[in-house]
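Take a look at the structure below.
Every number in this text was worked out from the coordinates using simple rules, so none of it is lab data. These numbers come from a predicted model, not from an experiment. Neighbour counts run over all protein chains shown; Cβ positions are idealised from the backbone, glycine included.
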Amino acid sequence: MNNTPMRRCVNCKSMMLGRSDKKFCDDGCRSSYNNKRRASELASVRRINAVLFQNRRILKNNNPYGKAKVKKGKLLLEGFDFNYHTHLYITNKGHEYFFCYDYGYLQINQDEVLVVHRLE
């Protein structure tokens, strides 16, 4: 005689048999449950990554030779967001380069930046 109590799957609520610590009826339900749980916290990360990748693409498109002076207005028109960057590099002379992955820029003056590509 089987005295195992019936439990419900955490995701789909179907009845299931098996080990007493079993929470999901199959791998699909386990994956679905965990994907839903992580979706909200990952949404903001995905949005930020999308902005960073767009910034990188814009810098790359405006820098065909490894170094180029570009008007800030041109970058803004193409959708560049100056609020997002992956890291900051400060030279020995105190110049601040803002990077979006391997492409970065240095503020030359109010209207112009120097776009650079850093190979690592």
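Some notes on this structure:
- The relative contact order of the chain, computed from alpha carbon pairs under 8 Å that lie at least 6 residues apart in sequence, is 19 percent.
- Ordered by the count of other Cβ atoms within 10 Å of each Cβ, fewest first, His117, His95 give His95, His117.
- Spatially proximal lysines relative to Lys69 (Cα-Cα < 24 Å; intrachain offsets below 8 disregarded): Lys60, Lys93
- Note, ³J(HN,Hα) from phi for segment 25-31, Karplus 6.51, -1.76, 1.60, rounded to Hz, x at Gly and Pro: 6, 7, 5, x, 5, 4, 5
- Cβ-based net charge around Asn34, under 15 Å, with every Lys or Arg adding one and every Asp or Glu removing one: +2
- Gained length - Asp111 relative to Ser32, 0.36 nm times residue gap less alpha-carbon distance: 23.6 nm
- His87 versus Ala39: modelled label distance in nm, points set 7 Å from Cα along the beta carbon direction: 3.4 nm
- Annotation for Lys23 and Lys67: the two label points, set 7 Å from Cα along the Cα-Cβ direction, are 5.5 nm apart.
- ³J(HN,Hα), Karplus 6.51/-1.76/1.60, whole Hz, each residue of segment 50-61, x for Gly, Pro: 4, 5, 4, 5, 5, 4, 4, 4, 5, 4, 4, 5
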